[in-house]
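Notes follow the structure.
None of the figures in this text is laboratory data; all of them are computed from the coordinates on show. Quick caveat, the model's predicted, so the values are computed rather than measured. Don't worry about glycine lacking a Cβ; one is built from the backbone with ideal geometry, like all the others, and counts go over all protein chains shown.
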Amino acid sequence: MAGKPWWQTGVIYQIYPRSFADADGDGTGDLRGVISRLDYLNDGTPRSLGVDAIWLSPFFPSPGFDFGYDVSDYCGIDPLFGTMADFDTLVAEAHRRGIRIVLDLVLNHTSHLHPWFIESRSARENPKRDWYLWQDPGCFGGAPNNWESVFGGKAWKWEPKTRQYYFHMFLEQQPDLNWRNPGVRKSAMDVFRFWLDRGVDGFRLDVANAYFKDSMLRSNPPALGIRGYERQRHVYDKDQPELLGVYREIRSILDSCGDRMAVGEIMGGMAEAVRYSRGGLLSLAFNFEFTDQRWSPRAFVKKIVAFEQALAGEGWPCYVLSNHDIPRHATRYGGRWTEARAKVAAAMLLTLRGTPFMYFGEEIGMRDGKIARAQIQDPPGKRYWPLYKGRDACRTPLPWNAFPGAGFTTGQPWLPLNPDFRKVNVGAQQEDPDSVLSLYRKMIWLRKKTPALQVGDFLAIGKSSDRALAYLRQTKSQTVLVALNFFDSACNLALKESLPAGSWRLLLSTHSADGAEPPAADRGIRLRPHEACIWEKT
């Protein structure tokens, strides 16, 4: 697609390095493991998955209190994952295959063992004291305000040595940076430049709208919720106006290096995602309202249309169904129909207008693992069990085959393998033309050669339905129709608008092609149980 940035036309695949592939047998995935599986991701042929970029969750030096999201060195590689030479090899080998590299940057906070914080907490007079959010006790001798930690408890930690509190939005081992300090801002921008110089193509920005907190540190108003953080409206601990200037500076750095991108993890809903991606502030921003929908075509299309209308042509949407922080969608939606619904979900994700993000393992219909209480490693899971069991279940290792260690490791996996790994694994699906993996490959390679699916406009068609969803993707020269039956019974989707004149050629069906009925304005769209179909107007 000449003239379009790669991050608009491509498919981005998230790798959680600990769980993708282990090359040294210590039970934890690493960079050399990723290198060894690049041909699986894209070898230039339809036998591979065909993804255009990989987003790597953090592999920087870290004490691991939040599994890499507590960074102690932004410009290094944790020995657990390899060396800088391994990273350089990964970049070179990925680029040789046409795969871009996206890094996960955690710039809202550091580890408490980062040299910056070690200096900052040493004395009130230290030059780096103001690099973090230090405050005297409140008027009654307690915390400066009522802010809560996302991971539970108060967000202020008392430091006896210097007799002040510091702020941590997450764990107390993750102190928040003070982005109003010019030294912090300059150092953060230097981190972008360091990795861009090493060939990185883009960045996923962790909690990207929380860099700034209210300058007056006002308390948040109350809200209805179960856990402490949810019992507040987060008016003052995120979404401050200074963010826009930082986003413009980041964008300027990226633009100076060519076709580079940044996607923001936005705490909040669609309104916040739209705010920060309209006008090109961020290349993309995740709209997590999409992941909160029940398995309902009516629910999904409502969110899709609302997102399209809110962006109003001033931003590019992106969609995701699973990631390292939420239960896998095969678990959320699968029920008795895991494989069938995984295929329908794939067809939807890969045909909407916008950039699709895949989470490793979803291409085989991977479900959440089974984690006993004694095996929980995730901090909020430990704190809130059984009300909340943490994120370990969606981070279990990818099974490559049915042998001991699942082809992931020759050692003891850092998290237990899924109980069904002998049946649900890459090897079992590689040669099966009806597998979830085969459908993902077909969908991604079809998307590559179909301009309407990459950049075409979106138009929902058909009468509102609780069972099926249909929409057009259109460019000036191509019209594609997508129809999705969400449920285990045949359905007929009536059309409220006339179809564009012409006949329709079937491009793909999740069922046998000879049983797929072409759409017609008079009879609507007939779909078999859990069928997804894509047609092109001829």
Region 124-169: trypsin sites (Lys or Arg not before Pro) in DSSP coil with no more than 14 other Cβ atoms inside 10 Å
Arg124, Lys161, Arg163
Once the Cα atoms of helix 243-256 and of the chain are each reduced to a long axis, what angle between those two axes, in degrees from 0 to 90 to the nearest 10, is obtained?
70 degrees
Note on region 354-472: alpha-carbon gyration tensor, axes a ≥ b ≥ c; rule is a/c under 1.5 for rounded, else prolate if a/b larger than b/c, else oblate; result oblate
Counting other Cβ atoms within 10 Å, keep those with at most 15, restrict to DSSP loop, and tell me which GluC sites (Glu not before Pro) in region 61-131 are left.
Glu125
Can you tell me the FRET efficiency between Thr83 and Ala520 if r is taken as the Cβ-Cβ distance and R0 is 60 Å, rounded to the nearest 0.05?
0.50
Taking all pairs of different Cα atoms in region 456-537, averaging 1/r and flipping that mean, what Kirkwood radius in angstroms comes out?
12.6 Å
Where Rh is the Kirkwood radius over Cα pairs, Rg/Rh for region 115-167:
0.98
Reachable lysines from Lys343, criterion Cα separation under 24 angstrom, eight or more residues apart if same chain
Lys302, Lys303, Lys370, Lys423, Lys442, Lys448, Lys449, Lys463, Lys537
FRET efficiency (Arg47, Ala271; Cβ distance; R0 35 Å; to 0.05) is 0.25
For the chain, the convex hull over Cα atoms projects on average to an area in nm² of 24.7 nm²
Rounded to the nearest 10 degrees, what's the angle between the helix 84-96 long axis and the longest principal axis of the chain, both from Cα atoms, 0 to 90?
20 degrees
Starting from the eigenvalues of the Cα gyration tensor, five times each then square-rooted, give me the equivalent ellipsoid semi-axes of region 415-510, largest first, whole Å.
31, 18, 12
Alpha-carbon centroid distance for the pair region 13-71 / region 237-297, whole angstrom:
24 Å
Applying 1/(1 + (r/R0)^6) with R0 = 30 Å to the Cβ-Cβ distance of Glu125 and Ile253, what FRET efficiency is obtained, to the nearest 0.05?
0.35
